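Written out below as structure tokens is the structure these notes cover.
The values are calculated or read from the model by the stated rules, or taken from the named source; none is laboratory data. Remember, predicted model here, so these are calculated numbers, not experimental data. Ideal geometry is used to build each Cβ from the backbone, glycine not excepted, and the neighbour counts take in all protein chains shown. Note: areas computed on protein heavy atoms with side chains; ligands, DNA, RNA excluded. Shrake-Rupley method; radii C 1.70, N 1.55, O 1.52, S 1.80 Å.
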Amino acid sequence: MAKKQQERQQEIIGSFHIKDFQDDLLYWFERQQRTLPWRQSRDAYRVWVSEIMLQQTRVETVIPYYERFMERFPSVEKLAEAELEEVYKYWEGLGYYSRARNLHAAVKEVQEKYGGTVPNTPEEIHGLKGVGPYTAGAILSIAYGLPEPAVDGNVMRVLSRIFRVEDDITKVSTRKLFEAIVRRIIAHRNPSFFNQALMELGALICIPRSPRCDACPVAAHCRARKAGVQETLPVKKKAKKVRVEERAVALVQREDGRWLLHKRPESGLLANLWEFPNVEYTEAENAREWLSVHMYETFGIKCIPQDLVMEHSHVFSHLQWNLYTYLCGYEGQEERRGSAIAKERVMWVAIEEMDAYPFSVSHKKIVDALREGFQQSLL
Ligand code: SF4
């Protein structure tokens, strides 16, 4: 390690009372930790699934998903032998579907290469798809008791405050700095609880706005609090501007009552999820006309977009969709058109069969509204 980095760590840790800090943190966690379904077992597969689900997602949202997922896929073997389509179905609504895809691919690798046992070395575990430094550290420490750091945004917030570090936490170098610090302060007698306690502190006490310093078990060690600057930390560079797309969505129903669905491309955003056909349009284009052209050119479907039945938005990390859903009058299909899209990626589906298709969150909302006859959608 570069001498400069070592000096920086030493400067930050300085006279910090590591042992007292560990004792205070662990004492609190042993008594105050929440009862969560993934804390009932230290099985590495279960820890892994929970950590992937918890990325960018609130604990309360994850709990029912985790329970359903575990009931259906209780082991590496069960998940490895499942079809991705079914895995998506159990993930539907959680968002960030690449997590499910990567988890499924990595679990298959664990089944084939490691006989179904999640590896317990940093090198092997880092090699698995979708397993970044945080998830690797969480699995190694929580399931295998190894003194590895598990540093995510929450932990960086807590540590920025405790050590009063003003480095930009969106930078990789800052994460690496905090990982190095955790390696030096982690409690070797219980790395699992130490990492979980830092996460729990970030979730319950050292929250983003108005940290609850009066209830904090490590307030005595906190330099930001001592200086009264806890609310100014962590330093986080402004997020990138979110790009907004206006999209027109077509609800096309055939004479037999079935609706037209389309499967998204195999890679990229929301890969392989089902949706109603839709197209981006700009201010210069009339949404109805543009949608009609798109339906004909892409699917060979002749239809006339009529009533606007739903308007809603969906925000991704870097993108916002504003969706305008039109009920379309179906006028027939021309087979020679729409050849750019494989036949198996376009389906006519009855409303009662739609539960079998994994949708993105925004299109699942359209399915739900369609079932309810769009009672609430334009409110
Ligand atoms: S004292 Fe306040 S700022 Fe410091 S770790 Fe505790 S909650 Fe966070």
Carbon-plus-sulfur fraction of the accessible area of the chain, 1.4 Å probe, in percent?
-> 48 percent
Multiply the residue gap between Ser317 and Lys237 by 0.36 nm, knock off their C-alpha separation, and tell me the result in nm, one decimal place.
-> 27.3 nm
Please identify every one of the GluC sites (Glu not before Pro) in the stretch 1-34 that sits in a loop by DSSP and has no more than 15 other beta carbons within 10 Å of its own beta carbon.
-> none
Which value at 222 nm does the chain reach when only helices count, each DSSP H run of 4 or more adding -39,500 (n - 2.57), with the total divided by all residues and rounded to the nearest 500 deg cm²/dmol?
-> -12500 deg cm²/dmol
If you take the beta carbon distance between Glu112 and Glu86 as r and set R0 to 25 Å, what does 1/(1 + (r/R0)^6) give as a FRET efficiency, to the nearest 0.05?
-> 0.85
Roughly what would the spin-label model give for Lys171 and Val293, points 7 Å off Cα along C-beta, in nm?
-> 4.7 nm
Debye-sum result for the stretch 125-231 in log10 I(q)/I(0), which assumes one identical scatterer on each alpha carbon, at q = 0.14, 0.24 Å⁻¹ | -0.53, -1.38
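List the GluC sites (Glu not before Pro) in the stretch 272-314 that DSSP assigns to loop (not H, G, I, E or B) and whose Cβ has at most 12 other Cβ atoms within 10 Å. Which are they? Mind showing how you got there, number by number?
Working: sites: Glu275, Glu280, Glu283, Glu285, Glu289, Glu297, Glu311; in loops: Glu283, Glu285.
The qualifying sites are Glu283.
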Fully extended contour minus Cα-Cα distance, from Asp256 to Arg212, at 0.36 nm per residue | 9.9 nm
For the chain, evaluate the Debye formula with one uniform point scatterer on each Cα (no solvent term) and list log10 I(q)/I(0) at q = 0.08, 0.11, 0.13, 0.14 Å⁻¹, rounded to two decimals.
-> -0.53, -0.88, -1.08, -1.16
Leading residue at positive end of dipole, the chain (Cβ point charges), from Ile13, Val151, Leu103 | Ile13
Enumerate by residue number the GluC sites (Glu not before Pro) in the stretch 226-267 meeting two conditions: DSSP loop (anything except H, G, I, E, B), and at most 14 other Cβ atoms within 10 Å of the site's Cβ.
-> Glu255, Glu266
Within the chain, longest stretch free of exposed trypsin sites (Lys or Arg not before Pro) [DSSP loop, at most 10 other beta carbons within 10 Å] | 59-208
Those helices of the chain passing the 30 Å axial Cα length cut-off and the mean Kyte-Doolittle cut-off of 0.0 (DSSP H runs only) are none
For the pair Gln10 and Asn286, the simple spin-label estimate (label points 7 Å beyond Cα toward Cβ) gives in nm 7.4 nm
